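Since the structure comes first, as structure tokens, the remarks are kept for the end.
What follows draws every value from the coordinates through simple rules; no lab data is involved. The shown structure was predicted, so the numbers you read here are calculated from the model rather than taken from an experiment. No Cβ is skipped: glycine too gets one built from the backbone with ideal geometry, and neighbour counts run over all protein chains shown.
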Amino acid sequence: MKVINFFLSLFRQAFLDNLKMNITNKTTKRLLIGLIMMLSGILLPAITVLAQTATIPVETANNALVMQVNANKDLSIEYFGLKLANAGEYSQIPGTYRQAADYTGLYNSAYTPSGSRNLLEPAITVTHADGNNSLDLRYVSHKVSEVSDGVSLLSILLRDPVYNFEVTLYYKSYFKEDVIEQWSSVRHHEKGNVILYKYASANLYLKADSYWLRQYHGDWAKEMQPEETRVTHGIKTLDSKLGTRTNLFQPSVFMISLDKPATEDEGSVLYGSVEWSGNFRVDLETDPQDNLRIIAGMNNYASPYTLKPGEDFVTPAFLYTFSDKGKGDASRKLHSWARNYKLADGKGSRLTLLNNWESTYFDFNETKLAELLRDTKKLGVDLFLLDDGWFGNKYPRNDDHAGLGDWQENRQKLPNGISSLVKEAQAAGVKFGIWIEPEMVNPKSELYEKHPDWVIKQPKRDEYYFRNQLVLDLSNPRVQDFVFNIVDNLFTKTPDLAYIKWDCNAVIYNAYSSWQKNQSHFYISYVEGLYNVLKRIRAKYPTVPMMLCSGGGGRVDYGALQYFTEFWPSDNTDPLERIFMQWEYSYFYPAITSSNHVTDWGKQPLKFRVDAAMMGKLGFDIVVSKLSAKDLEFVQNAVKTYDSVREIIWQGDQYRLSDPTNSSVASILYTDGDKKTGVVFNYLVNNRYDHGNKTPVRFRGLDPAKRYRVKEINMYPGETSPVNADLTYSGDFLMKIGFNPMVNSGRTSVVLKFEAAD
Ligand code: DGJ
């Protein structure tokens, strides 16, 4: 339609130019020009009206989100699902439904306004400058631009016909990965401020016979506990109001299966997630027509936002992908997308490490650390990570009651400072990384004494602590500078520092910023402040690996992961627990993001612990000197084995083969893009009598025509494998019949490697 408009205006211009040149009689010329202007004035708007009844599809390799503009200029979602071969047929979809009446014409709004015709959950609620609460949003125009190869950006402008108030909806689509990031931007030119009471990133609309929600909840050491239920009528809200560490009770990731719960290989499923490290809110509402409305974005809890005329209010993105081939396909798409476009250094390498948290806690000195540096080398990993406890002098950080905020080396523990440790590490042949928790402060700290105004707390109320600490007010630019400088000073003093673990252990109680004029902006400004700091860090230190930690998995989201190379899923490193947790995380995050450390948690043998930690980014937090000679030999070999397969785990395709929640053996396969080689991890997750692999595990993701050799790897010294590595199997056989890893109570974890034999 735009093209027609363009040619019409060209034609008008050419005709006018011609007239100007050829007609000499001034009155005739004026009359003719007037006539043409009038005609084109009628024609162009007519064409525009036609444009406003347009169908707007967002198509990716397999899917389509189809929006439609009606004669009233309402923008609605007519379809979301598999794309049609003929895009011309999208407009016929609405006619095929005979559902109950929509009393508002807005149930399927692409961005539901409130206070006018709407009767359901809105995406946006405002109070205009004149105090009026009604909003109507009508389509004005849309455009598509090419961001890069395979990535395009659709923007749709909506405007209120009465108020000078507009919303632009953005849909950034990643063609190959079938992923869409959707966000909105609000702006007005009213004669005063407008208050935004709700401001979703996205408003989706699904049609199916039933909807099945897979959601997550948790607590410290109990992250990613799944629940799957049928969505009933009414509203189900997934949200967080914690301010920081916002995923402690609930992450923003979820799945919706259509018609029946999707399995790994079957069923239609949508994965959703809010790219925001603060309070989020996802409303799932089954409407009176039995369709599912999804409204997702930042949480508006305690956060009405005052928007000045001419200012832009831009929401974070809501991320989603859809597959009709089950959960496995949806995961693989999201993994590719994350590595290709979002995660810091997603296609890069990672460092294996030895961490000292569980071997020393706060109790270390230079002598102990020198020993640990030697152990790091002995293990064969790349880096030693010094955890909590290295700082604070007036209030030394000898436990978690004091010192947070005072980022100077503790003179007793480290008289020669971090830079000497880094040198010592280099001499030992390893790299050195360090733990920080820069957003936090202990009341027992010099920072708190000097800058009580930098601390989030209600002036008239008692302080209330989470792990004996409070949160710094990152909405304050001076605090942002302070936090940036913690990192910057570390790198300035010791440029060879090779890794940062960024922790965040407290939630926000008594939310109040002495810097903010409008307290309602606080929760949003906090996260914006955090992102400002992270942006500055990444601008100056683009490649340094950084772990996103939050007392475990209290902050795992793609808003933050664009600045981090990996995350800490949980302080719970019991390998049995981890098999379940890592399984659930793996739906949404690629293995390269998951920092898995071998520790003393759990009752499983060392081999089991190492095998479980290998399914991601391997690390250790053990006392190496206490390992028996055989255990040490095993671990040293395991690091080498890991080095030989880690690329497949990090960058390959993941297939969850056997689910620990309904089988006594969990199996997960990773294969390289060429289907030439891969690794399969198998674990006994049920210790009852005689449990184990009775039947073969069916592989997936192989080439049916190729022949593969399967061998067992990562064996404990002295053990022999019952797997005959001389046999070959076709991919067809391995995928239809399977392979038996022979997991049982005597072989509780088994790692297999398969390779194309020819
Ligand atoms: C919580 C983290 O999850 C742990 O790994 C460790 O770094 C401690 N904080 C240190 O206080």
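Here are some notes:
- Antiparallel DSSP beta bridges within region 390-544, percent to nearest 5: 50 percent
- Between the alpha-carbon centres of region 71-90 and region 433-480 there is a gap of 50 Å.
- Three semi-axes describe the equivalent ellipsoid of region 54-342; taken as square roots of 5 times the Cα gyration tensor eigenvalues and ordered largest first, they are 28, 23, 19 Å.
- Label-point gap, in nm, between residue 496 and residue 625 - each point 7 angstrom along Cα→Cβ: 2.3 nm
- Kirkwood Rh in Å, taken over all unlike Cα pairs in region 348-463: 15.3 Å
- Model label sites at residue 72 and residue 694, defined 7 Å from Cα along the beta-carbon direction, differ in position by 6.0 nm.
- For the chain, the dipole from Cβ point charges (+1 on Lys and Arg, -1 on Asp and Glu) about the Cα centre works out to 1460 debye, to the nearest 20.
- Across region 390-544, the mean sequence separation of Cα contacts (distance under 8 Å, 6 or more residues apart), normalised by length, yields a relative contact order of 25 percent.
- Exposure proxy ranking, count of Cβ atoms within 10 Å, fewest first, for 642, 170, 526: 170, 642, 526
- Computed over the chain, Cα set: Rg, Dmax in Å: 29.2, 107
- Dipole size of region 665-756 about its Cα centre, with +1 on Lys/Arg Cβ and -1 on Asp/Glu Cβ: approximately 200 debye, rounded to the nearest 20.
- Relative to the longest principal axis of the Cα atoms of the chain, helix 366-379 runs at roughly 80 degrees.
- Calculated P(r) of region 110-220 - Cα pairs past 17 Å, %: 62 percent
- As a rough footprinting exposure proxy, the listed residues 237, 641, 565 were ranked by other beta carbons within 10 Å of their own, and the order from fewest upward is 237, 641, 565.
- Sites residue 155 and residue 116 - FRET efficiency at Förster radius 22 Å, r taken between beta-carbons, to 0.05: 0.45
- Per residue convex hull volume, Cα atoms of region 649-690, in Å³: 67 Å³
- Potential lengthening between residue 132 and residue 489 on full extension [0.36 nm per residue; Cα-Cα distance subtracted]: 123.5 nm
- When each of the peptides 683-695, 253-265 is scored by how many other beta carbons lie within 10 Å of its residues on average, the order from highest to lowest is 253-265, 683-695.
- The slack between residue 340 and residue 640, meaning 0.36 nm per residue of separation minus the straight C-alpha distance, is 105.3 nm.
- Extent of region 193-249 along its three principal axes (Cα atoms, max minus min coordinate, largest first): 44, 37, 16 Å.
- Each 5 Å bin from zero up to the one holding the largest Cα-Cα distance in region 665-756 carries the following percent of pairs: 3, 15, 26, 25, 17, 9, 4, 1.
- This model, with +1 at the C-beta of Lys and Arg and -1 at the C-beta of Asp and Glu, gives region 390-544 a dipole about its Cα centre of some 220 debye.
- Phi angles of region 380-385 translate, via the Karplus equation with coefficients 6.51, -1.76, 1.60 and θ = phi - 60°, into HN-Hα couplings of x, 8, 7, 9, 9, 10 Hz per residue; Gly and Pro are given as x.
- Theoretical gain in end-to-end length, residue 745 to residue 633 [0.36 nm per residue, Cα-Cα removed]: 38.0 nm
- Residue 82-residue 420 FRET efficiency (beta carbon distance; Förster radius 45 Å; 0.05 resolution): 0.15
- A simple spin-label model places pseudo-atoms 7 Å from Cα toward Cβ; at residue 461 and residue 686 they are separated by 4.8 nm.
- MRE, 222 nm, helices only [DSSP H, n ≥ 4, -39500 (n - 2.57), over the chain, to nearest 500]: -8000 deg cm²/dmol
- Taking the C-alpha atoms only, the angle from helix 417-428 to the longest principal axis of the chain is near 70 degrees.
- Local charge for residue 210 was computed over the other residues whose Cβ lies under 13 Å away, with Lys and Arg +1 and Asp and Glu -1, and equals -1.
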